[in-house]
Amino acid sequence: MFHRKRLRSTSSERSDFFDGLPDDIVISILCKLSSSARCPSDFISILLTCKRLNRLGLHPLVLSKTGPKTLVIKAKNWSDYAHRFLKRCVNAGNIEACYTLGMIRFYCLENRGIGASMMAKAAMKSHAPALYSLAVIQFNGSGGSKNDKNLRAGVALCARAAYLGHIDALRELGHCFQDGYGVRQNIAEGRRLLVQANALELASVLRSSSFNMRTWRPRSQPQRNGSTTGSGFRSSLMSDFGCNVPARQGHPVNRFLTEWFGLRGGQPAQGLRLCSHAGCGRPETRRNEFRRCSVCGRVNYCSRGCQALDWKWGHKAECAPMELWIDQNGEEDEDQNADDQDQDDGNNRMVEVEAAEDEGGPI
């Protein structure tokens, strides 16, 4: 009996070696964890383990190393705590958090000035998605009036993001050269950039773990009566290369924007529209900011790149002549009249969809 009691007492007095580790080593471990976590719950579960890990997990060095997957936030889970956590990451110098919170503040919380400044802070650290998002803002004059557009600045930002390997920026820059939009027209250079963007997209899909060689099949050829042969008309972007591969996943903040406005009925505000490209999620900040499809008039896009992507991912099969967006009395709606006035402005960007099967869509 005495021996059993002594064993119990020694086991209760056994020391915890973790408590003996210096804070510097624990912080180093947490930095590795926050940067490599596959989802936010992997990091949050560590913070909830004990008071010491909670205190050290919120250390500025740990927050500055937090990776993109740890910062993924669903719109339905948005709260003051999530806002404060992102803000603490921003204050710690986390570039990804600067871009994420900047996009949320600019488009969702309608805090345009602070949101743009956060994205600019990330862009100055060569964050490619931030550079591209600022380029879209410059192209559209988002957050201001139509006169606030700066096409040259948009092209310069796109060029910098494309140099860093951003696929959407590379595609947008290619369309700018093709259309002579903000830069001297150079069709050959534009085509070269578009081919390079498609090649990079193909390489990124091949590297992804979700890719399966079974998905490679010849693209479906549309018939004159609208029917298709093969596996179906709706093909992905890589149908330009004669294959059908999964669509590339967008940035988590774009998914956040899509979910945010989806929970609010899919409309940012009265008279405003969302970009029709499902992977974008950007809303208008003023009426008629985005350009409509000049064929059907039922879809609108924040950029030429989003138009090209949506064309290949589905709109090509749905686009119909513009007579369908004229009512039975033969009168166009007021929004289209406003769009027509915008199209007469030489500084505005024409978003046209041409039936060019050999070119792979509206490019």
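Each value in this text was obtained by applying a stated rule to the coordinates, not by laboratory testing. Everything numeric here is computed off the predicted structure, so don't read it as measured data.
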### Query
Leaving out same-chain residues fewer than 8 places away, which lysines sit with a Cα under 19 Å from that of residue 32?
65, 69
### Message
Distance between the C-alpha centers of segment 32-86 and segment 96-142? Whole Å please.
### Response
22 Å
